[in-house]
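The values are calculated or read from the model by the stated rules, or taken from the named source; none is laboratory data. Nothing here was measured: the structure is a model prediction, and the numbers come from that model. Glycine also receives a Cβ, built like all others from the backbone with ideal geometry; neighbour counts cover every protein chain displayed.
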Amino acid sequence: MRVAVADDDPEILDQIAGSLEKSAHKCDRFSNGQDLMVALKRDTYDIVLLDWNMPKATGLDVMAWAKEALDHPPAFILMTSRSGKADVVRGLKLGASDYIIKPESDEVVQARIEAAGRGIGHSSESRHVTYGDYAIDRLEKTIALKGETPKLTAREFKVASLFFENLNRPLSRNYIFLQVWGDTIDLETRTLDMHVSRIRSKLALRPENGFAIQTVFGFGYRMDSFAGS
């Protein structure tokens, strides 16, 4: 998963992000709420782990802004030293999907993040999964439409699967690059555009077939589902 970690304490920030990175999560670090909000406008995160008290914008400020400004806000987890029951209730009511009281072990933080991740649309790892008339076979790396199975490259299969697993969720270009190509490859924008164009064509991704990939101007792409899918 891709995780944003925001905390104005550099030691806590390094500890949490470092632990998550060792567990193969991709992490971006932020020391204040304002920088985090700027990043959320141009990029996609699965989970945002944020402190309550931060300079420029608090954790509550960030959640309130995201609810109004983002079409599909990520899951937020507050991690704070505020341990009062009233604070916990307030944080959860204002949009946090979970609440962690500092200090907490790396193992518990990771488990909470992974639990939140299971609720944001990521599919199970079963071999076969269907979306309307589309049938995905993860072992064979194929996607069939009404019994017809077009030939997809390995990258095309990954891109298409990522869209199906995140239906109606805007995905930034950077997020797609990281999920499909990994961290170390510097790709031109047209590489992604070419793959999207090919899977649109090969899989006949059109509203009449239940699903279509839309361009999100200045951000990335979104796979929309349509009635009857």
Before we move on, is Lys158 at pLDDT 90 or above, basic (Lys, Arg), exposed (fewer than 13 other Cβ atoms within 10 Å of the Cβ) and not in a strand (DSSP E or B)? no
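What's the total number of residues in region 71-103 that are closer than 29 Å to Gln179 by Cα, surrounded by 13 or more Cβ atoms within 10 Å (Cβ to Cβ) and of a type outside the set (S, T, N, Q)? It would help to see each step written out before you state the result.
At the first step, the residues of region 71-103 found to be closer than 29 Å to Gln179 by Cα are 71-79, 95-100.
Of the ones still in play, those that are also surrounded by 13 or more Cβ atoms within 10 Å (Cβ to Cβ) are 72-79, 95-100.
Within this subset, residues satisfying the condition of being of a type outside the set (S, T, N, Q) are 72-79, 95-96, 98-100.
Count: 13.
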Can you tell me which residue within region 13-37, out of those that are surrounded by fewer than 19 Cβ atoms within 10 Å (Cβ to Cβ) and within 13 Å of the chain's Cα centre (by Cα), is farthest from Gly218 (Cα to Cα)? Lys26
Taking first residues from region 195-221 that are in contact (Cβ under 8 Å) with a residue 60 or more places away in the chain and part of a loop (DSSP other than H, G, I, E, B) and second residues anywhere that are loosely packed, with under 12 Cβ neighbours inside 10 Å and of a type in the set (A, V, I, L, M), the pairs with Cβ under 8 Å that are 6 or more apart or on different chains are none
Can you find a residue that is over 25 Å from Val216 (Cα atoms) and of a type in the set (Ser, Thr, Tyr) anywhere in region 38-56? no
Would you check if there is a residue in region 168-175 being assigned to a strand (DSSP E or B), crowded, with 16+ Cβ neighbours inside 10 Å and either of a type in the set (S, T, N, Q) or modelled with pLDDT of 90 or more (or both)? yes
Report, by residue number, each residue of region 107-139 that is at pLDDT 85 or above and under 24 Å from Ser19 (Cα atoms). Glu107, Val108, Val109, Gln110, Ala111, Arg112, Ile113
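With Val62, Val3 as the choices, which residue is modelled with pLDDT of 90 or more, crowded, with 19+ Cβ neighbours inside 10 Å and part of a helix (DSSP H, G or I)? Working first, answer last.
Values: Val3 fails: part of a helix (DSSP H, G or I).
Every option except Val62 fails the conditions.
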So Thr80 passes all but one of these: (1) among the hydroxyl-bearing types (Ser, Thr, Tyr); (2) within 30 Å of Ala204 (Cα to Cα); (3) out of contact with any Pro (no Cβ under 7 Å at 6 or more places or on another chain). Which condition number does it fail? (2)
